[in-house]
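The structure under discussion appears below in the form of structure tokens.
The values are calculated or read from the model by the stated rules, or taken from the named source; none is laboratory data. Keep in mind it's a predicted model, so treat the numbers as computed, not measured. Quick reminder, even Gly has a Cβ in these numbers, built from the backbone with ideal geometry, and neighbours come from all protein chains shown.
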Amino acid sequence: MLEEHKHKHATHDFDGITENRVNSPPAYFNVLFYGLVLWGIAFMAYFLFSGWSSDAEFQVKMEAHQQASQQASAAAAPAAGTETAAPVKADPEAGKILFASNCAVCHGANAEGGIGPNLHGELNYGRTKEAVHESITKGRPKGMPAFGNQLSEQDRENLTAFVLSLE
């Protein structure tokens with residue numbers, strides 16, 4: 001039906017809609033439209049032909065971050081030839097309190113086993129101070145959680161001393 005209809009007048013009524021073909025949009029709309037088109041073309045050309053890439057920008061920022069972190073760790077590390085902090089003194093009694101609050105759930109109140117193994121006698125990964133400390137700090141497969149982020153170094157030393165005193 002619309003294909004057969006010829007527009008003879010500037011205004012047109014169809015289905016209750018009046019269309020006025022005389023008034024065109026204001027000139028500033030045309031200026032704004034074509035200005036944005038030109039700006040878009042210039043913007044794309046700049047980033048396509050300038051060699052910029054988001055990956056290169058990321059690499060520059062990552063290198064700056066790594067250098068800052070290396071400088072911070074170098075500043076925090078003791079100078080060569082200087083003495084490090086005194087060794088931590090272990091207290092088995094403080095370790096017993098920590099054991100009751102953190103370990104007794106799995107190893108039992110008397111460390112005789114439960115979900116976790118019996119801590120009296122031989123241990124699965126050895127009964128040396130280093131092996132016990134590593135088990136507490138890093139955890140072990142099949143259920144032993146790591147306490148390195150939850151307990152301080154002093155607390156882990158105290159807990160190690162308590163476990164070693166259970167022989």
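Figures for the structure shown
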quantity	calculated
Residues of the range 101-156 satisfying the condition of being loosely packed, with under 13 Cβ neighbours inside 10 Å and aliphatic (A, V, I, L, M)	Val105, Ala109, Ile115
Selected residue [at pLDDT 90 or above, over 30 Å from Pro117 (Cα atoms) and outside the structural domain of Val132 (by TED's automatic domain parsing)] from Glu83, Glu63	Glu63
Top-ranked residue of the range 157-167 - restricted to ones that are in a helix (DSSP H, G or I) and hydrophobic (A, V, I, L, M, F, W, C), ranked as surrounded by the fewest Cβ atoms within 10 Å (Cβ to Cβ)	Leu164
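Conditions tested, residue by residue: (1) part of a loop (DSSP other than H, G, I, E, B); (2) closer than 14 Å to Ser165 by Cβ; (3) not basic (Lys, Arg).
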{"residue": "Ala94", "(1), (2), (3)": "no, yes, yes"}
{"residue": "Phe99", "(1), (2), (3)": "no, yes, yes"}
{"residue": "Val105", "(1), (2), (3)": "no, no, yes"}
{"residue": "Gly116", "(1), (2), (3)": "yes, no, yes"}
{"residue": "Leu119", "(1), (2), (3)": "yes, yes, yes"}
{"residue": "Gly126", "(1), (2), (3)": "yes, no, yes"}
{"residue": "Thr137", "(1), (2), (3)": "no, no, yes"}
